[in-house]
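Have a look at the structure below, then the notes.
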Amino acid sequence: MIIIKSDEEVVIMRKCGKILAAILDKLRTEMRPGISTSRLDVIMADESAKRGVVPSFKDYHGFPASLCVSVNDEVVHGIPDQRILEEGDIVSLDVGARLNGLHTDAAITMGLGRISNKAEELISVTEGSLKSGIARAISGASVDDIASAIQHFVESRGFSVVREYTGHGVGRDLHEEPQIPNFVVGKGPLLRRGMTLAIEPMVNAGDWHTKLAPNHWTVLTADGSLSAHFEHTVAITDNEAEILV
Ligand code: MG
């Protein structure tokens, strides 16, 4: 069942999203060669506590950290550890926060220092595909319209969209219906005002297939190619979607 949020709930999610965006900005400024991924986890936990939100991922189905950090060929769900980030890495940060029982969810990918032209292009195409998907997220359109826009944007530029993981409804739970695939699967549910959705293309430089790391969390590209990830939480309105974070 798709949960339609009341205006009051969207107000809370907007507030939660503003806080999460500020935390993401703080993380962005701390990202540099030489920092460990576990340090980013500490910053996420500290900044969340300071700003009165709860990190959504901590203990979610047993996830051991407050955010996901996925480096290079890691697609999503990377677990922070003692790994030191290096010049040339591309790093995806995926963060979620809960305020008054409502979640928002967002992700960015950044290059550290000088990165390859291919990596640069992958990041910009992934971010562009998210924008093109959100542009289609209007009341009366279908989930498939979002998927189609993202898939076309990515594949026409020579990259591939991950298929085993998708975007999702978000709000009272971190993951709600509907699923928001980044590829066309057939006409999905129609969008209507009050739906809150996490739209999140995961894009590989090579083939779309993924594999699971031995830690049973971290998702990697099957062919070892680079992967990027961007995510916004949006609210469907009577006009264009509102980006909450
Ligand atoms: Mg998500």
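The values are calculated or read from the model by the stated rules, or taken from the named source; none is laboratory data. This structure is a prediction, so every number in the text was calculated from the model and none was measured. Here Cβ is always computed from backbone atoms with ideal geometry, including for glycine, and neighbour counts include all displayed protein chains. Side chains are part of the model used for accessible areas, which takes the heavy atoms of the whole protein and leaves out ligands, DNA and RNA. Shrake-Rupley method; radii C 1.70, N 1.55, O 1.52, S 1.80 Å.
Is it the case that Ser70 is hydroxyl-bearing (Ser, Thr, Tyr) and assigned to a loop (DSSP other than H, G, I, E, B)? Here the answer is no, as Ser70 does not meet what is asked.
A quick yes/no check of all residues on (1) part of a loop (DSSP other than H, G, I, E, B); (2) open to solvent by 10 Å² or more (accessible area, probe 1.4 Å); (3) out of contact with any Asp or Glu (no Cβ under 7 Å at 6 or more places or on another chain):
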| site | (1), (2), (3) |
| --- | --- |
| Ser148 | no, yes, yes |
| Gln151 | no, yes, yes |
| Tyr165 | yes, yes, yes |
| Phe183 | yes, yes, yes |
| Arg193 | yes, yes, no |
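Let me spell it out: the conditions are (1) within 16 Å of the ligand (Cβ to nearest atom); (2) more than 13 Å from the chain's Cα centre (by Cα), and Val76 meets all of them except one. Which number is the exception? With (1) within 16 Å of the ligand (Cβ to nearest atom); (2) more than 13 Å from the chain's Cα centre (by Cα) applied to Val76, the lone miss is (2). Close Cβ contacts (under 8 Å, 6 or more residues apart or on different chains) running from residues in region 217-245 that are within 15 Å of His168 (Cα to Cα) and more than 16 Å from the ligand (Cβ to nearest atom) to residues that are open to solvent by less than 20 Å² (accessible area, probe 1.4 Å) and not hydrophobic (A, V, I, L, M, F, W, C) comprise Ile236/Gly194; Ile236/Thr196. Scanning region 174-212 for residues that are within 12 Å of the ligand (Cβ to nearest atom) and among the acidic types (Asp, Glu) turns up Glu176, Glu200.
Here the condition is being open to solvent by less than 50 Å² (accessible area, probe 1.4 Å) and among the acidic types (Asp, Glu); of Glu177, Glu200, it holds for Glu200 alone. Filtered by the rule that a residue be under 15 Å from His175 (Cα atoms) and either more than 13 Å from the ligand (Cβ to nearest atom) or part of a helix (DSSP H, G or I) (or both), region 97-118 gives Arg98, Gly101, Leu102. The requirement of being at pLDDT 95 or above and more than 16 Å from the ligand (Cβ to nearest atom) is satisfied by Asp145.
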